[in-house]
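Colleague: Below are the structure tokens for one structure; questions will follow.
The values are calculated or read from the model by the stated rules, or taken from the named source; none is laboratory data. As the structure is a computational prediction, the values presented were derived from the model and not from experiment. For neighbour counting, all protein chains shown are included, and Cβ atoms are generated from backbone atoms with ideal geometry for every residue, glycine included. These accessible areas exclude ligands, DNA and RNA; they are computed on the full protein's heavy atoms, side chains included. Shrake-Rupley method; radii C 1.70, N 1.55, O 1.52, S 1.80 Å.
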Amino acid sequence: MSETISPDTIIGQYSVVAKIGEGGMGEVYRARDRKLGRDVAIKVLPAAFSEDSARLARFEQEAQAAGSLNHPNILVIFHIGMHEGAPYIVSELLEGETLRERMGGAALPQRKALDYALQIARGLAAAHEKGIVHRDIKPDNVFVTNDGRVKILDFGLAKLGGASDVTQSQTEVPTRKVNTDPGTVMGTMGYMSPEQLKGQPADHRSDIFSFGAILYEMLSGKRAFRGDSMAETMSAILREDPPDLSDTNKTVSPTLERVVHHCLEKNPAERFHSARDLAFAIETLSGTATSSGQTTAFVSAPVKWRRWPMLLSAGLALIALGTFAGIFIQSSLRKAPPPSYQRLTFNRGTIWNARFAPDGQTIVYSARWNGNPADVFTVRAGKAESRSLNMENTRLLSISASNEMAVLRKIQGPVSNRGTLARVPVDGGTPRDILEDVQDADWSPDGTKLAVVRWVNGRNQLEYPIGKVLYETAGYISDLRISPRGDMVAFMDHQVQWDNRGWVAMVDLTGKKTVLAGEWSSEHGLAWNPAGNEVWFTADRGGESSALYAVTLAGSERLVLPTTTNLSLCDISRDGRVLLDSYSDSANIAGVLPGETKERDFSWLDHGWLSDFSPDGKTILIHDTGEGAGINYAVYLRRTDGSSAVRLGDGDGPKLSPDGKWVTATLFAPPQLGLLPTGAGEARTLERGPIEHYGKRSGWFPGGKQIVFEGREPGHDWRLYVQGIEGGPPRPITPEGTTGSSREIFISPDGRSVIALDAQHNPSFYAVDGGAPQPISGLESEDSVIGWSSDGHTLYAAQTRTMPIRVHKVDPVTGRRELIKEVIPADAAGVDLPNIILMTPDGKGYAYSIRRKLSDLYVVGGLK
């Protein structure tokens, strides 16, 4: 078949939409899977494939092998078949550009180069472990999607196609890739290994050489091996070393340069032994690179790199012992031996919690891997395989001395993580429900009692044992842990609901509370040391990197483990080993504007979250919670025309005024409600009056002269207040124990009522001038109200705790519901829940924010 396939052509179960590319290997089309309702890519190969039975059989075998690789960094093959005498391959449809196009002939920033390199190495490791060698790794066969995911293309196919007819430079000429008999040269000049050029058998180490050439090019902007002719390029690969990276990129650290050269050794035996080892080395460097490009992990005096393989092996051993996912360890300055690190998980997704079992060698954890539902898993120290306990949508809370788990089931609410506490044996079984509306729990040292945190009448209370209240707050409590002697309960005390700033505290069995450390900007993860004389925790102080700290019962703090990556402390074993969750956390913002059908990317910074979306779809507000934002976070305004975001000032939960001239912003240190101008003008704060703490949520009345916000007075619970922007104190309008709905407080179009949640998180209309609340019909337990439609009579309600995100149009009087929108990211791995979505009043435009958290679990020994 030589003619281009026309749109609407049916190929199997696929309907062709449009041609999207072509080359020597065939033509590529965008198509629609008519059975599954998804867009795919179809590559139709030259009909000559079918004329050679041996080649066709080989093609099918290799395509099936590629299709067996289920990994996020490898192109997914869905199907192979024949159409009018020509073979075709169906794969996932990618949007983005090749690595060649992304580089554009220039070096990439070192952070980005390491990110791409780590993803490529992980993809190669997955293939090599199944016995599949690519043999044509090059920038053209590496694809970078619009959201930064790397996909290796053409696994098992590059070695089967005929020579390209496309004119290329001498150093780009692909060699014939018909078979793998000894003496046959396969690959692409400039990225081929020496053994490929010699026609010798090439194994997985050949891919590592090609990978090294790509990494060199990403860091330097220049080819590792390139001559004026094909012969000169071949000679360089066989006999010459590439120029030092430091000649073209002064920020490249000596350790990183040694890793590159270790990949590019002429002798395969002197390269990394596996792509898995290579990925580990890059992962270490990804975290230890400082702004100047240097590392504190392992830096030795310069050596001639031709002699360094043995030194590198020793260096990598020191890295493995002295670094962990980017942790700066200064143990070389101490007399004690450096800590040891052992990685336990190798999937892509989010870890919720992890605990040591009583034997000290079994680790139980709950996670959501590869976009699948949350589950509970077990893994043994020293092993790489995790076993599922088949407990879907269940979260681990604690493990008793008698090998019984406390777990959270039936998690409910669009915001709070509250559910039903249950107990179940560590080796699995049927859970037995104990208590509802629980958020967290921990077993006593003897395994006979439980401490719990649960919601009662809108307040978070700590009970130990169940039924005996030791402490309660209008904020929230997290990470409770009973001391080894059973006489204290340590926890993290957060004064603002769903903001993880707060204090490390403890309470004794009489209810006496003691603050040990704080205020911290970000708290997550806490455990007692085995002696019971310190509480260890992970946190940061706002604008700084997170780290592992310890505090004595007298309040004396010390730094245990500094880090440049995100850490969450999960547990400490009886022998002092530490269970740490090392994770990356990022946010993406996207949406569709009114009158358009194609989704746009509105993301800004790594931790920029969607906070508001103007009615005309032309403006979004972003609040940044990243390290550079500071303790009060930061507010950005971004136009949806693609222009850069503008920083308006400090604050959280920003909301745009009806005229678009002002933005509300909550400050936490000190507590204050501010107004930020979107244009010319000066920022100002509103009169605080009796308010002790402000919540995250606020909203504007239709006239733009008044705002409504969450607040709390000393000795009182949360409620909603109204305040004029021109002056005057705030006035309460709802009973105590009420908060805003989802991310905003919504006011009726006539300005007479607001939507708020009562103590049981049930939404109702509350009249601004007082009166009994009026229930809202048609809302389900997982719904979050996200706005009013333009008709002024119906609401938009979103379910953001599930995938896909669903938006319904709800009549609050009759209860009639209509599904109007479903949104799901192309890559669901690591997507944290709940997320955020906002609609324009006419329902024609929307914007949403996705949080992605990717975790790895480690056991760390030797920390003091």
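Colleague: Please find, within region 595-615, the residue that is surrounded by the fewest Cβ atoms within 10 Å (Cβ to Cβ) out of those that are at pLDDT 95 or above and in a loop (DSSP other than H, G, I, E, B).
Modeller: Only one residue fits best here, namely 615.
Colleague: Determine whether region 717-726 contains at least one residue that is acidic (Asp, Glu) and open to solvent by 40 Å² or more (accessible area, probe 1.4 Å).
Modeller: Step one: list which residues in region 717-726 are acidic (Asp, Glu), which gives 717, 726.
From the residues that got through so far, the ones that are open to solvent by 40 Å² or more (accessible area, probe 1.4 Å) too are 726.
Within region 717-726, one or more residues are acidic (Asp, Glu) and open to solvent by 40 Å² or more (accessible area, probe 1.4 Å).
Colleague: Test each condition in (1) out of contact with any Leu (no Cβ under 8 Å at 6 or more places or on another chain); (2) over 21 Å from residue 355 (Cβ atoms); (3) open to solvent by 10 Å² or more (accessible area, probe 1.4 Å); (4) aliphatic (A, V, I, L, M) for residue 517 and report the one that comes out false.
Modeller: Condition not satisfied by residue 517: (3).
Colleague: Taking strands (runs of 3 or more DSSP E) that fall entirely within region 274-379, which contain at least 2 residues that are under 22 Å from residue 260 (Cβ atoms) and modelled with pLDDT of 50 or more?
Modeller: On the way: elements: 340-343, 349-356, 362-369.
Counting at least 2 such residues, we get no strands (runs of 3 or more DSSP E) at all.
Colleague: For residue 632, only one of the following conditions fails: (1) open to solvent by less than 50 Å² (accessible area, probe 1.4 Å); (2) under 15 Å from residue 607 (Cβ atoms); (3) assigned to a strand (DSSP E or B). What is its number?
Modeller: (3)
Colleague: Let me ask something else about it. Can you tell me which residues in region 483-506 are within 19 Å of residue 417 (Cβ to Cβ) and either open to solvent by 20 Å² or more (accessible area, probe 1.4 Å) or not hydrophobic (A, V, I, L, M, F, W, C) (or both)?
Modeller: Hits for region 483-506 are 493, 494, 495, 497, 498, 499, 500, 501, 502.
Colleague: On to the next question. Can you say whether residue 539 is touching an Asp or Glu at 6+ places or on another chain (Cβ under 6 Å), among the aliphatic types (A, V, I, L, M) and closer than 17 Å to residue 630 by Cβ, as far as the supplied structure shows?
Modeller: yes
Colleague: Find the residue count for region 825-854, including only residues that are modelled with pLDDT of 85 or more and not in a strand (DSSP E or B).
Modeller: Count: 6.
Colleague: Please go through region 636-662 and give me each residue that is surrounded by 17 or more Cβ atoms within 10 Å (Cβ to Cβ) and closer than 19 Å to residue 725 by Cα, ordered by number.
Modeller: The answer is 648, 649, 650, 651, 652, 653, 654, 655, 656, 657, 662.
Colleague: Does region 645-666 include one or more residues that are under 27 Å from residue 826 (Cα atoms), touching a residue at least 12 places away in the same chain (Cβ under 8 Å) and more than 20 Å from the chain's Cα centre (by Cα)?
Modeller: So far as region 645-666 goes, yes, one or more of its residues are under 27 Å from residue 826 (Cα atoms), touching a residue at least 12 places away in the same chain (Cβ under 8 Å) and more than 20 Å from the chain's Cα centre (by Cα).
Colleague: Given the options 579, 561, 509, name the one that is open to solvent by less than 30 Å² (accessible area, probe 1.4 Å) and more than 23 Å from residue 417 (Cβ to Cβ).
Modeller: From the options 579, 561, 509, the qualifying one is 561.
Colleague: Filter region 693-725 down to the residues that are among the small types (Gly, Ala, Ser) and within 33 Å of the chain's Cα centre (by Cα) and list them by number.
Modeller: Answer for region 693-725, where residues must be among the small types (Gly, Ala, Ser) and within 33 Å of the chain's Cα centre (by Cα): 695, 698, 699, 711.
Colleague: Then there is this: Could you list, in sequence order, the residues of region 380-413 that are at pLDDT 95 or above and of a type outside the set (A, V, I, L, M, F, W, C)?
Modeller: The answer is 398, 400, 404.
Colleague: Step by step: first the residues of region 774-783, then only those that are on the phi < 0 side of the Ramachandran plot and crowded, with 18+ Cβ neighbours inside 10 Å, then the one that is modelled with the lowest pLDDT. Which residue is that?
Modeller: This residue is 783.
Colleague: List every residue pair whose Cβ atoms sit under 6 Å apart, with the two residues 6 or more apart in sequence or on different chains, where the first one lies in region 719-734 and is free of Cβ contacts under 8 Å to residues at least 12 places away in the same chain and the second, anywhere, is part of a strand (DSSP E or B).
Modeller: 731/722
Colleague: Is it true that residue 544 is at pLDDT below 90 and more than 22 Å from the chain's Cα centre (by Cα)?
Modeller: Taking the combined requirement at face value, the residue does not satisfy it.
Colleague: Considering every residue within region 472-484, establish whether at least one is over 23 Å from residue 568 (Cβ atoms) and either among the aliphatic types (A, V, I, L, M) or modelled with pLDDT under 95 (or both).
Modeller: yes
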